[in-house]
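Each reported figure results from applying straightforward, stated rules to the coordinates on display, with no laboratory input. None of these values were measured; they are calculated from a predicted model. For neighbour counting, all protein chains shown are included, and Cβ atoms are generated from backbone atoms with ideal geometry for every residue, glycine included.
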Amino acid sequence: MALSTRDRLRLMADDQPVYFQDKASGDGAGSVFFLSHFPLYPNAGTAGTVAVSGTALGTASYNLSWQHGRIAFGTAPGSASNNVQVDYLATTLTDDEVDDAYTYAGGSANLEQAAAELWRIKAGRHAAHYSFRDSSQQFDRSDWHKACLAMAKEYEAKSLKTAKLGGAWVAGISIDEKDSVVDDSDRVSNRFRRDQFRNPGTSESLENLEAE
């Protein structure tokens, strides 16, 4: 089975969906609960399985804001310990972040560039993790940040190789637009072109030099 482009990028960025189970205790009044992770946006906006007191609820009984990891119940769950349970898949990167990286890289022509961008995003999220020593133990949490930057650099190098093998491409105006500017009889040559090969203080024109 072929992977979708989004799934391929998640694989390259080591961001495969992970199963989570959140539990909370209702109080008969509060109807809004926040998940511990941002759920992966699945079909029809459902969050896997949402259950209250062991009974799975249909999507009509709650509203899921997957952008904020929030579930709002139509009826507040009753007062009981851990009677609210949500089973769902979550990832580090949101779908929007993956899609934006894909667009930034210019589409499917160079997925390595998109993967490099995703690793840089992950590096930013680990930037605040610092190393410390506790008694006789050393915790090198900053290695997460270094590892993400190293992977971004590796994919960046692969993207350059892919671009080289695939042929050069240039963004900007089209050839037709360029030709229309060149053929414009009212166009004044830019200064770099007008003064090309001219020595300061001389009166020789570019045409004279070309004639010689």
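Quick notes on this structure:
- Where a label projected 7 Å from the Cα of T75 along Cα→Cβ would reach, residues of segment 50-65 with amide N under 15 Å: 51-63
- The modelled label-to-label distance between K23 and L11, using points 7 Å beyond Cα along the C-beta direction, is 3.5 nm.
- Report note on the peptides 73-82, 110-119, 8-17: ranked by the mean count of other C-beta atoms within 10 Å, highest first, their order is 110-119, 8-17, 73-82.
- A Cα-only calculation for segment 17-90 places Rg and Dmax at 11.2, 33 Å.
- Packing here is the average count of other Cβ atoms within 10 Å per residue, and on that basis the peptides 57-66, 97-106, highest first, run 97-106, 57-66.
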